[in-house]
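Each reported figure results from applying straightforward, stated rules to the coordinates on display, with no laboratory input. Since the structure is predicted, the reported quantities are computational estimates derived from the model, not experimental observations. FYI the Cβ positions are ideal-geometry reconstructions off the backbone, even for glycines, and counts take in every protein chain you see.
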Amino acid sequence: MKSTADTPLKDLNKAIVLRPLASAAESVRDGEARLLEAVGLAQALGLDVTHAEAAPLRQINPRTYLGAGRVERLKEQAEETGAGVIVIDAPLSPVQQRNLETDIGAKVVDRTGLILEIFGLRARTKEGKLQVELARQGYERSRLVRTWTHLERQRGGLGKTGGPGETQIELDRRIIADRIIRLKKDLDDVRRTRGLQRRARSRAGLPAVVLVGYTNAGKSTLFNTLTGAGVLAEDMLFATLDPTARQGEAAQATAP
């Protein structure tokens with residue numbers, strides 16, 4: 001795609017973030033809070049957010065999720081800022097995602113796809129990588145129609161046999177299904193090993209303290225303070241993804 005003075009080259013490192021307010025129960029204030037989180041997710045993926053907005057949605061358009069006016073506005077904003085990625089902080093169907101990409105002329109990512117991309121970057125352990133890949137395969141399986149719709153229309157004859165598009169879709173589904181089976185088996189093996197390690201710690205009589213909480217709540221910072229582990233701790237959503245175990249010593253309480 002060539003750039004002109006009026007239309008800058010689309011940059012896949014630049015993104016526009018939109019939080020649709022599709023529910024009457026969701027106030028503008030709540031929507032703004034969710035928008036800030038969506039911007040944080042985009043930034044955690046390394047995207048430069050050129051514009052972010054929370055916008056009311058009167059009704060969901062089956063074709064593009066958003067109304068025609070909003071889609072046209074996103075297209076204009078993408079052309080003005082050169083943003084090559086549009087983040088929609090909502091669940092999009094495969095058809096809606098494909099139609100938005102066609103109408104806007106930019107890559108469209110929904111909330112689930114964005115989080116999966118972040119998880120793929122952050123996973124470090126074998127179990128974490130397997131879990132992310134398993135989730136990604138399930139996500140991609142539902143979106144095969146986006147890739148093969150143009151071939152699916154090539155069906156011919158009397159409907160007794162499918163055309164090349166249908167054959168390719170079934171082949172891809174079978175490949176993904178086989179991949180999911182292998183991933184589940186590998187994940188079971190890893191979990192079995194982790195279970196053995198957990199039981200060994202339990203037999204040793206070591207008490208366990210678990211830190212749980214929402215992303216970016218400060219768990220890693222507290223964990224480092226207690227154990228000196230030195231795991232990654234940043235002011236970023238999903239900066240650390242994998243669980244970490246360390247042995248520490250409890251401080252002795254002194255009487256006043």
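For the stretch 99-114, the set of residues classified as surrounded by 19 or more Cβ atoms within 10 Å (Cβ to Cβ) and of a type outside the set (G, A, S) consists of N99, L100, I104, V108, V109, D110, L114, listed by residue number.
Table: residues versus (1) under 20 Å from E53 (Cβ atoms); (2) touching a residue at least 60 places away in the same chain (Cβ under 8 Å); (3) not small (G, A, S).
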position: P91; (1), (2), (3): yes, no, yes
position: N99; (1), (2), (3): no, no, yes
position: A106; (1), (2), (3): yes, yes, no
position: E117; (1), (2), (3): no, yes, yes
